[in-house]
Amino acid sequence: MAAETIHHRTCPLCEATCGLELTVRDGEVVRIRGDRDDVFSKGFICPKGTTLGKLHADPDRLRTPLVRRDGVLVEATWDEAFAAVAEGLGRIWADGDRDAVAVYLGNPTAHSLAGAMFAGPLIKSLGTKNVFSASTVDQMPKHVSSAYLFGNANAIPVPDLDRTDYLLMLGANPFESNGSLCTAPDFPGRMAAIRERGGRIVTVDPRRTKTAQASDEHLAIRPGTDALWLAAVVTEIRRAGLVDLGDVAEHVDGVDRALDALDAFDADSVAAHTRIDPATTRRIAQELATAPSATVYGRIGTHTTEFGTLASWLVELANLVTGNLDRPGGAMFPTSAVGAPTAGRTPGGRGFTAGRWRSRVGGHPEIKGEMPVAALAEEIETPGPGQVRALITSGGNPVRSCPNSERLDAALGSLEFMVSVDIYLNETTRHADVVLPSPSALAKPHLDIAFYGLSVRNVVNYSPPLHPADDPSEPGMDEHDIFARLALIAGGMGPDADPSVLTTMMLSTLADRAGLDVEAELAAAEGTPPVEAMLDLMLRTGPYELTMDDLRAAPHGIDLGPLEPRLPGMLRTASGKVEVAPDPIIDDVSRLVAALDAPPDERLLLVGRRHLRSNNSWMHNIEVLVKGRPRCTLQLHPDDAAARGVTDGEQVVVRSDVGQVEAVVEVTDDIAAGTVSLPHGWGHGVEGTRGRVAATTAGVNSNVLTGDQAIDPLSGNARLNAIPVEVLVPAPAGG
Ligand SMILES: Nc1nc2c(c(=O)[nH]1)N[C@H]1C(S)=C(S)[C@@H](COP(=O)(O)OP(=O)(O)OC[C@H]3O[C@@H](n4cnc5c(=O)[nH]c(N)nc54)[C@H](O)[C@@H]3O)O[C@H]1N2
Ligand SMILES: Nc1nc2c(c(=O)[nH]1)N[C@H]1C(S)=C(S)[C@@H](COP(=O)(O)OP(=O)(O)OC[C@H]3O[C@@H](n4cnc5c(=O)[nH]c(N)nc54)[C@H](O)[C@@H]3O)O[C@H]1N2
Ligand code: SF4
Ligand SMILES: [Mo]
């Protein structure tokens, strides 16, 4: 019998960063289970994590670069592929307009070490204003509220789950998603622990999710009204005389101005919109303010709405006025081992500026260097200087994940040139002229740079590649070298430039910024893979002064302890204080006041949902994850079903102002009357894609129904929830 070897690595699929234990026999992963010795996840794993071996072995996963010749994508060598990239993009740049080449970075780019380190340099050498990412269909509101409040878009407070006495959770379903902007492996277990120690959990969600069922209380809010409700909660806390900023009071500016702006919202005035009765709202306000410690946590359901930034700001305001900002059991700032812009100890900085430039067609302000992805289609369609004529995508599927996706699909089809870095030929990458395949997750080094900065405990863990990049079953190029070569092409160095040109520059910059001797650092890094040399430098100069050797010696991770108070040292606002009432936010409150006066929308409101065995628009080609009951169903309350004469399992038409899809109905009282739910990321089997399993459980694309015009003005984030729809029974054939 062949010898088995055991390996440990961090799962890169979601934000939970679970430790995995992999058993390998004859070069093949034969078993994956949770690593019981992982310092953070302690053996927790979800079904997706067990399938990384199947993902690695998936025959449909791309292993060779593809280049379009005579309209057809054919296999090519890496040299041919990069030559085609240089030629195709070169044609566009030859006209002298750098903005004509846009870039879209998808979710797995944030989960990849190469993406975290090389996306910045790539964007810089592209020199384009047309930078788009999945952030504007996701968490951009949180970046914006953090940027205004704390002076840095990445200074995001996380709920201190392991010590809190009271968790108020809105628009999040960690039993399926495993948590987001809150890295917490075994979120369900951490919730159970809150209740075991006598704490209380209140979940606000139009659906009675598994998370809601595991809470002490569930409030079935009307979709899209969280900002109204949170504003009322804050006002009720004030009226009850319970505002108490606690230890951070001296570091905070503008609380009264913020509270005055919210005076129109109270438990009574928002009730008709939120459908939460006033007594409950007042009680929750009281509980939140008087719990020994409490934390308010809002996620996707609160962010992907028209009032995303206000909702996110109100979450922070609720934490602040109850004395729970920056204290154990409240909302706290992690301290990442690889350092962060806020790692220093002296408050003050440049603060935040939005709108340094504007999108050409819609006039949307730039946020964090990005344009709203909801505006990508119009930037491609509209002729004139600055028109997007070419696109680079990395680890993204905007044709499934972005609003008004049929329009975007057509727009991508009209591009003069497109390059995709991806592991599959999907609904988006099928439009590419060149597809550059990343290695399998198991063949890449991994360290969750982004997510250790959002973690409920300070930890760090490094995973070396399990399969070498030159493994014959792999595409033969590291992901960071793909990024580096794209960046070098964009920088005018041509398709054959050596990636080390870029990595040497990056290492020098890091050393220089850290005040180290650049020459000595370069000499010391000689012979070390450049990514590891850079990580080593980031770790050494980070807050714990660790090294890569420390990490390599700790395959189960290094526990750096519970979160610690960080105020005021981490503040980067101009005043060096928490700026609670910045003008753009206060101005936007008037839009919320207008919503209060508008008659509540009586139509059915569509929301999304996630399933534990799915991952946005992918992982749908892994048989064990998609088998069983179809997951892409339209959830409908029994009363709404009866009113339309619809029964469970029936096919209906779902129509919004933007488009329509046909979906199979799932009648369930787990969804509030007046709300319907369809998950996003489905609609597979399209011509030109390669995913044999995904095509058999295709589902429908919910983003046909979402609009690209309704966005949160402060963040550019798309509105993907609370979409008014009609549900219609199709006329019988021939009728
Ligand atoms: N209606 C609605 N729409 C939504 C949402 C919603 O809740 N409702 N959620 C939004 C959110 S939060 C997000 S983050 C977005 C996600 O939006 P996207 O990031 O655009 O889409 P994903 O489905 O995550 O696509 C991931 C792609 O990365 C590829 N990939 C996987 N691993 C790798 C890798 O290691 N390297 C590379 N290069 N590629 C890889 C996959 O093959 C796939 O093509 O969707 C958003 N869209
Ligand atoms: N299994 C799995 N895990 C994932 C992902 C996945 O696709 N599958 N995606 C990953 C990504 S990219 C992200 S960003 C995270 C997201 O993680 P979460 O934020 O936890 O996202 P969801 O699980 O979609 O939960 C959002 C909840 O918001 C509710 N909701 C919708 N509209 C409203 C509203 O107006 N108000 C309120 N209060 N609630 C509302 C929905 O019913 C839903 O239950 O998950 C990550 N983890
Ligand atoms: S919860 Fe997330 S990180 Fe953990 S095993 Fe599942 S997909 Fe991987
Ligand atoms: Mo996301």
(message) I'm trying to understand the selection: among the residues of the stretch 445-481, which are closer than 20 Å to H8 by Cβ and in contact with a Lys or Arg (Cβ under 6 Å, 6 or more places away or on another chain)?
(response) S463, P465
(message) Suppose we filter the stretch 575-599 for residues that are open to solvent by 30 Å² or more (accessible area, probe 1.4 Å), in a loop (DSSP other than H, G, I, E, B) and under 23 Å from N319 (Cβ atoms); how many remain?
(response) 2
(message) Residues to consider are E602, E662, E623; find the one that is more than 28 Å from Q709 (Cβ to Cβ) and either open to solvent by 40 Å² or more (accessible area, probe 1.4 Å) or without any contact (Cβ under 8 Å) to a residue 12 or more places away in the chain (or both).
(response) E623
(message) I'm checking my understanding of the structure. Among residues of the stretch 28-44 that are touching a residue at least 40 places away in the same chain (Cβ under 8 Å) and part of a loop (DSSP other than H, G, I, E, B), which one is most open to solvent (accessible area, probe 1.4 Å)?
(response) K42
(request) Please enumerate the residues belonging to the stretch 1-21 that are assigned to a loop (DSSP other than H, G, I, E, B) and more than 16 Å from ligand 1 (Cβ to nearest atom). (result) M1, A2, A3, C18
(request) Return the only residue of V24, V74 being outside any helix (DSSP H, G or I), free of Cβ contacts under 8 Å to residues at least 40 places away in the same chain, more than 16 Å from ligand 3 (Cβ to nearest atom) and over 31 Å from the mean Cα position of the chain (by Cα). (result) V74
(request) State whether the residues of the stretch 524-546 include one that is touching a strand residue (DSSP E or B) at 6+ places or on another chain (Cβ under 9 Å), closer than 26 Å to S41 by Cα and either surrounded by fewer than 14 Cβ atoms within 10 Å (Cβ to Cβ) or charged (D, E, K, R) (or both). (result) no
(message) Being open to solvent by 20 Å² or more (accessible area, probe 1.4 Å), of a type in the set (K, R) and out of contact with any His (no Cβ under 6 Å at 6 or more places or on another chain) narrows it down to one residue among K142, K129; which is it?
(response) K129
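Does G699 fit the bill of being farther than 27 Å from T225 by Cα, assigned to a loop (DSSP other than H, G, I, E, B) and free of Cβ contacts under 8 Å to residues at least 60 places away in the same chain?
no
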(request) Output the residues belonging to the stretch 229-251 that are outside any helix (DSSP H, G or I) and in contact with a Leu (Cβ under 7 Å, 6 or more places away or on another chain). (result) L245
(message) Checking G254 against (1) surrounded by fewer than 16 Cβ atoms within 10 Å (Cβ to Cβ); (2) more than 14 Å from ligand 2 (Cβ to nearest atom); (3) over 30 Å from G49 (Cβ atoms), only one condition comes out false. Which one?
(response) (1)
(message) Condition (residue is over 22 Å from G49 (Cα atoms), more than 16 Å from ligand 1 (Cβ to nearest atom), among the aromatic types (F, W, Y) and not in a strand (DSSP E or B)) applied to the stretch 169-187: is it met by at least one residue?
(response) no
(request) Give the number of residues within the stretch 146-191 that are open to solvent by 10 Å² or more (accessible area, probe 1.4 Å), under 19 Å from A343 (Cα atoms), within 16 Å of ligand 4 (Cβ to nearest atom) and polar (S, T, N, Q). (result) 1
(message) Please pick out the residue among G362, G339 that is small (G, A, S), open to solvent by 20 Å² or more (accessible area, probe 1.4 Å), on the phi < 0 side of the Ramachandran plot and away from ligand 4 (no atom under 16 Å from the Cβ).
(response) G362
(message) Which pairs turn up if I take residues in the stretch 496-518 that are over 16 Å from V338 (Cα atoms) and look for partners that are modelled with pLDDT under 95 and surrounded by 13 or more Cβ atoms within 10 Å (Cβ to Cβ) with beta carbon separation below 7 Å, at least 6 apart in sequence or on another chain?
(response) S500/P530; T503/P530
(request) Filter the stretch 289-305 down to residues that are under 23 Å from N173 (Cβ atoms) and either surrounded by fewer than 23 Cβ atoms within 10 Å (Cβ to Cβ) or more than 16 Å from ligand 3 (Cβ to nearest atom) (or both), then give me how many there are. (result) 11
(request) Output yes when any residue across the stretch 646-657 is at pLDDT 95 or above, part of a helix (DSSP H, G or I) and open to solvent by 20 Å² or more (accessible area, probe 1.4 Å), and no when none is. (result) no
(request) Please enumerate the residues belonging to the stretch 704-731 that are more than 15 Å from ligand 2 (Cβ to nearest atom) and of a type in the set (A, V, I, L, M, F, W, C). (result) V704, I711, L714, V727, L728, V729, A731
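Just to be sure, is V315 within 16 Å of ligand 2 (Cβ to nearest atom), more than 16 Å from L567 (Cα to Cα) and not small (G, A, S)? First the steps, then the outcome.
Numbers: within 16 Å of ligand 2 (Cβ to nearest atom): yes; more than 16 Å from L567 (Cα to Cα): yes; not small (G, A, S): yes.
So V315 fits the description; yes.
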(message) Here's a check for you: in the stretch 86-141, which residue that is under 13 Å from G396 (Cα atoms) and of a type in the set (A, V, I, L, M) is nearest to ligand 4 (Cβ to nearest atom)?
(response) A134
(message) Restricting to the stretch 714-735, name every residue that is in contact (Cβ under 8 Å) with a residue 24 or more places away in the chain, open to solvent by 40 Å² or more (accessible area, probe 1.4 Å) and over 19 Å from the mean Cα position of the chain (by Cα).
(response) E726, L728, V729, P730
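The values are calculated or read from the model by the stated rules, or taken from the named source; none is laboratory data. Bear in mind the structure is a predicted one, so any value in this text is a computation, not a measurement. Methodologically, a virtual Cβ is constructed for each residue, glycine included, from the backbone with ideal geometry; neighbour enumeration extends over all protein chains shown. Keep in mind that these areas ignore ligands, DNA and RNA; they rest on the heavy atoms of the full protein, side chains included. Shrake-Rupley method; radii C 1.70, N 1.55, O 1.52, S 1.80 Å.
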